[in-house]
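Encoded as structure tokens, the structure appears first; notes follow it.
The values are calculated or read from the model by the stated rules, or taken from the named source; none is laboratory data. Since the model is a prediction, treat every value here as computed from it, not as a measurement. Backbone-built Cβ (ideal geometry, glycine too); neighbour counts: all protein chains shown.
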Amino acid sequence: MLFEPYKLKNLNLRNRVVMAPMTRNQSPGGIPTSEVVAYYSRRAKAEVGLIITEGIEVSHEASSAYPNVPRLDTKEAREGWKRVVNGVKENGGSVIAQLWHCGGFRKLGMQPNPEVPGHTASGLVKPGKKVAHEMTLEDIKQTINAYASDAKYCEEIGFDGVEIHGAHGYLIDNFFWEGTNIRDDSYGGSIEKRSQFVSEIIQAVRSNISQEFIVGLRFSQWKQHDFEAKLAHSTDDLKKVLLSPVESGLDYLHSSMRRFWESEFEGSEENLAYWTKKISNIPTIGVGSVGLDSDFIDMTAPSKPASIDKAIDDISKEKYDLLAVGRALLSDHEWVLKMKEGRLKDVIPYSKEALLKLY
Ligand SMILES: Cc1cc2nc3c(=O)[nH]c(=O)nc-3n(C[C@H](O)[C@H](O)[C@H](O)COP(=O)(O)O)c2cc1C
């Protein structure tokens with residue numbers, strides 16, 4: 001079933017393989033170059049079902065934390081993205097833009113606004129470490145508006161949808177997590193209140209785009225700086241985290257795991273994507289070391305190609321709907337074709353050298 005078509009809302013995908021969002025830091029001035037256009041087109045041509053772009057910085061003064069990440073806030077950047085979208089569509093693919101706010105990963109002195117500090121829910125970048133700016137209600141409003149206007153740009157550009165990056169410890173996850181959100185207003189306190197920020201983002205995005213445009217949310221238990229952290233300690237907690245974002249108008253959820261074969265909650269063998277679909281009842285993407293022989297520890301660690309039988313089995317049993325592949329597709333743009341034909345031995349292994357080039 002992995003290589004069979006899937007309908008996501010009104011979008012007909014030719015198979016269930018999704019390219020996971022991966023930052024490439026190769027868009028100087030926030031503008032995707034012709035190499036970026038060719039990089040995504042190449043994967044669409046080689047039959048990737050759905051491409052989720054690298055994180056695109058939302059148009060807010062504190063959103064960035066890394067160099068050469070693409071943006072949407074200039075005409076040139078939007079024209080660059082239009083070329084990416086056209087390249088993917090000409091090759092029969094589908095493409096969703098990931099919207100990203102780096103939150104507490106930003107530090108004073110960083111471009112493009114060196115005087116602007118990192119923004120977080122309570123000024124915390126990790127439990128007990130208060131070095132960022134605690135967002136005011138006005139900051140929250142401005143940030144929500146930035147997501148809404150960027151989503152509109154994405155629809156005008158021709159993307160099939162947007163994915164809100166709520167994972168890995170960045171701004172939205174900083175609100176989600178009790179370790180970094182100790183606010184005592186409507187955005188903090190209980191699990192449900194910690195989901196309020198993202199729910200308002202989803203509602204604002206929805207009200208600024210057409211009904212057909214897809215809106216997804218990526219979330220994770222793990223953080224860049226704490227692999228063991230958890231938003232939800234039980235399926236009941238997970239329900240509380242996800243309920244209001246789903247009701248705010250999501251079309252899919254993207255459960256970011258480091259190892260998709262691992263059980264998430266005690267007493268069951270099933271992973272986070274399984275529970276996400278079961279609880280939310282909306283299309284769900286699973287991701288995490290698919291097709292690789294070592295897990296996601298460090299993005300520079302080498303990893304060899306591995307069997308995907310377990311992933312194929314999960315999709316066949318409809319435990320979740322779509323399978324995202326990151327590093328394996330970064331190192332080998334023909335990964336889908338090779339796996340479909342059972343040519344595992346021809347797959348190019350993942351290495352840190354693959355990160356340097358944009359092929
Ligand atoms: C180079 C690189 C850049 C990444 N950038 C992003 C990103 O921009 N947004 C995001 O949500 N995840 C990002 N990730 C995480 C991946 O989407 C994915 O969840 C992770 O690599 C695990 O999948 P894999 O084992 O198939 O690589 C990145 C991973 C890598 C290796």
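Taken residue by residue, region 74-84 has no member that is among the charged types (D, E, K, R) and either outside any helix (DSSP H, G or I) or buried (at least 23 other Cβ atoms within 10 Å of the Cβ) (or both).
Pick out the one residue from Glu212, Glu270, Glu262 that is within 16 Å of the ligand (Cβ to nearest atom), over 17 Å from the mean Cα position of the chain (by Cα) and of a type in the set (D, E, K, R). Among Glu212, Glu270, Glu262, only Glu262 is within 16 Å of the ligand (Cβ to nearest atom), over 17 Å from the mean Cα position of the chain (by Cα) and of a type in the set (D, E, K, R). Restricted to helices (runs of 4 or more DSSP H) entirely inside region 130-243, those with at least 2 residues that are in contact with a His (Cβ under 6 Å, 6 or more places away or on another chain) are 137-157.
The condition (being away from the ligand (no atom under 16 Å from the Cβ) and buried (at least 18 other Cβ atoms within 10 Å of the Cβ)) is satisfied by just one residue among Ala38, Ala46, Ala62: Ala62. Taking the conditions exactly as written (touching a residue at least 60 places away in the same chain (Cβ under 8 Å) and out of contact with any Pro (no Cβ under 9 Å at 6 or more places or on another chain)), does Leu50 satisfy them or not? When the stated conditions are applied, Leu50 passes them. Screening Leu2 on (1) crowded, with 20+ Cβ neighbours inside 10 Å; (2) assigned to a loop (DSSP other than H, G, I, E, B); (3) within 12 Å of the ligand (Cβ to nearest atom) shows it passes everything except condition (3). Among the conditions (1) of a type in the set (A, V, I, L, M); (2) out of contact with any Gly (no Cβ under 6 Å at 6 or more places or on another chain); (3) touching a residue at least 60 places away in the same chain (Cβ under 8 Å), Leu243 misses just one, which is (3).
Candidates Asp332, Asp293: the one that is at pLDDT below 95, within 13 Å of the ligand (Cβ to nearest atom), touching a Pro at 6+ places or on another chain (Cβ under 9 Å) and not aliphatic (A, V, I, L, M) is Asp293.
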